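A short worksheet on the structure shown next.
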Amino acid sequence: MTGMNDLMRRVAGEASPSAVYNRANVQDMEDYILLTELVDSRAVLPVELKRRFLAVMLAEYSDGPPISDGVVDGVEDYAAMDPVVDLDSLHASAK
């Protein structure tokens, strides 16, 4: 889990405008809250970091609890923002 935390903290720190990871201190939802904050603020990330973040989010939530639908919607919304990330390529590289 430390690797996931490190990635999320890096995403929050490198986002422009910056975001706060674990703002609500709600275990198991902090990555979803971060994603929502990135979408709402239209935050920009370096494309490779954005690809890695979105790939992790998809992998973590693809077959998960009901919150997964909100995560997938957020991933799709964020992927469509500049710099655009092709989600089909992320799915293909995960196989």
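The values are calculated or read from the model by the stated rules, or taken from the named source; none is laboratory data. Values in this document were obtained by computation on a predicted structure and should not be read as measured data. Virtual Cβ from ideal backbone geometry, glycine too; neighbours counted across all protein chains shown. Surface accessibility is based on the protein's heavy atoms, side chains included, excluding ligands, DNA and RNA. Shrake-Rupley method; radii C 1.70, N 1.55, O 1.52, S 1.80 Å.
A few notes on this one:
- The stretch 16-35 - residue that is closer than 15 Å to residue 75 by Cα and either assigned to a loop (DSSP other than H, G, I, E, B) or open to solvent by 50 Å² or more (accessible area, probe 1.4 Å) (or both) and, of those, modelled with the lowest pLDDT: 29
- Residue 47 meets all of the listed conditions (1) open to solvent by less than 80 Å² (accessible area, probe 1.4 Å); (2) modelled with pLDDT under 95 but one, namely (2).
- Residues (in contact with a Leu (Cβ under 8 Å, 6 or more places away or on another chain) and under 17 Å from residue 72 (Cα atoms)) located in the stretch 36-59: 38, 51, 52, 53, 54, 55, 56, 57, 58
- Residues of the stretch 1-15 classified as open to solvent by 50 Å² or more (accessible area, probe 1.4 Å) and either among the aliphatic types (A, V, I, L, M) or under 23 Å from residue 86 (Cβ atoms) (or both), total: 3
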